[in-house]
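The values are calculated or read from the model by the stated rules, or taken from the named source; none is laboratory data. What you see is a predicted model, and the numbers here were worked out from it, not measured in a lab. A quick note on method: Cβ atoms are made from the backbone with ideal geometry, for glycine too, and the neighbour counts reach across all protein chains shown. Protein only, heavy atoms only, side chains kept; ligands, DNA and RNA dropped before computing areas. Shrake-Rupley method; radii C 1.70, N 1.55, O 1.52, S 1.80 Å.
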Amino acid sequence: MPQPKKKANKTAQPEQTPAQPLPELRLDVLMTLSDLPGVPGQEDAVRDFVLRELDGLADEVRVDALGNVIARRAARPAAEGQVPERVMVSAHMDEIGFLVRFIDDQGFLRVQALGGFDTRNLFARNVTVHARGGALPGLLTPGGKPVHIASPEERKKIPEVKEFFIDLGLSADEVRAQVRVGDMVTLDQTARRVGRLVCGKAMDDRASVFLLLETLRALKGAPPRHEVIAVFSTQEEVGLRGAITAAYGVQPTVGIGLDVTLAVDTPGVAPDEAVTRLGEGIGIKVFDSTMISHRKLVDEFWDLAQAQGIPAQLEVLALGGTDGAAIQRSRGGVPTLTLSLPTRYIHTVVEAVHTDDLAAGRALLLAYLG
């Protein structure tokens, strides 16, 4: 993999200016983002929200053929002998969810999963089917007997996604008149505050979308030291698809993926399997199953965090991937790392992030970009 362009670029630090207090994180915006529907390929509501939020925060904004939002901030004039990097920072807009794949003779819907589900978390869920004529409330549950009449063996069974169905409470004719194969289905859960946590159905990865928006908001007053290409990508949950095409077009010299990671710092899990711990700072990814972060960037971000007192933790994730992998493999290769928000209960409707980790993520991004 190529090295960052010039060592001088890597070691160049932001000009020393008096520290200015950062604006408060707008957690109401994060909760709104989590509540919006947007499965892979149907991120329209999230994209429209992001475009409104970007007003006045970028020098130019465009939407590409895959629906990625790409916002650019030009760099300030560089000191003699230095060349600003073109830094692509990518957070994905899509959430895990479903598509309608079949309507049976009784009007029950069968679904195609978009993203990885642990079906133990899907029993008896409220869902919304987003039909062309409007949203329809539904009930998602697996086929089979209730506990009252199920055998001990049947009670222990963990169903597959193909066994789940959606009940719309309508006749088969009414269902067919309103629902089509391919309609989006999202899980219902209103985001809320729980102590120092913000919980919702789509913190993966709306928390990172929010983090990127808040970083651009904090950069509004003055040009950054590097050119910033902020990408709000599509279809990450089904193969990093939006980031692949965005990175190819943007041609960054440095890549930063923004995503959530496991914080399994909860009862029943050994400390060595926690991955990260909530409230102990932004994760600097070392490894996941799709990428090994560029070691010099890992060292640079870790050193920045230590020098500026920003809480951070190094992260090794055995299974999973982020937009960083797509950026890293683009064209001839791009030096890339991922910054990860520790998150409890990933791929459930109560994904939880800590406000301190959000603040640390914004601070570290600003320390590098600003």
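The table below gives the values:
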item: Hits in region 189-213 (condition: more than 16 Å from residue 263 (Cα to Cα), basic (Lys, Arg) and open to solvent by 30 Å² or more (accessible area, probe 1.4 Å)); result: 192, 193
item: In region 313-341, residue farthest from residue 246 (Cα to Cα) [restricted to those that are over 16 Å from the mean Cα position of the chain (by Cα) and open to solvent by less than 60 Å² (accessible area, probe 1.4 Å)]; result: 313
item: Breaking point among (1) closer than 30 Å to residue 85 by Cα; (2) modelled with pLDDT under 95, for residue 234; result: (2)
item: Checklist (1) under 26 Å from the mean Cα position of the chain (by Cα); (2) within 30 Å of residue 254 (Cα to Cα) applied to residue 222, failing item; result: (1)
item: So residue 44, is it under 25 Å from residue 199 (Cβ atoms), free of Cβ contacts under 8 Å to residues at least 24 places away in the same chain and out of contact with any Leu (no Cβ under 8 Å at 6 or more places or on another chain); result: yes
item: Residues within region 116-129 that are part of a loop (DSSP other than H, G, I, E, B) and modelled with pLDDT of 95 or more, tallied; result: 0
item: Count of region 147-178 residues which are assigned to a loop (DSSP other than H, G, I, E, B), without any contact (Cβ under 8 Å) to a residue 60 or more places away in the chain and either loosely packed, with under 13 Cβ neighbours inside 10 Å or of a type in the set (Val, Ile, Thr) (or both); result: 8
item: Residues that are of a type in the set (Phe, Trp, Tyr) and on the phi > 0 side of the Ramachandran plot, drawn from region 175-221; result: none
item: Subset of region 102-115 [open to solvent by 40 Å² or more (accessible area, probe 1.4 Å) and under 24 Å from the mean Cα position of the chain (by Cα)]; result: 112
item: Region 342-370: number of residues that are in a helix (DSSP H, G or I) and open to solvent by 10 Å² or more (accessible area, probe 1.4 Å); result: 6
item: Close pairs (6 angstrom Cβ cut-off, 6 or more residues apart or separate chains): of a type in the set (S, T, N, Q) and modelled with pLDDT of 95 or more in region 294-322, outside any strand (DSSP E or B) and open to solvent by 80 Å² or more (accessible area, probe 1.4 Å) anywhere; result: 313/280
item: Candidate set from region 61-79 (those that are over 21 Å from residue 226 (Cα atoms) and touching a residue at least 40 places away in the same chain (Cβ under 8 Å)); member that is surrounded by the fewest Cβ atoms within 10 Å (Cβ to Cβ); result: 65
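One line per residue, one yes/no per condition, for (1) touching a Ser or Thr at 6+ places or on another chain (Cβ under 8 Å); (2) small (Gly, Ala, Ser):
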residue: 235; (1), (2): no, no
residue: 249; (1), (2): no, yes
residue: 253; (1), (2): no, no
residue: 277; (1), (2): no, no
residue: 282; (1), (2): yes, no
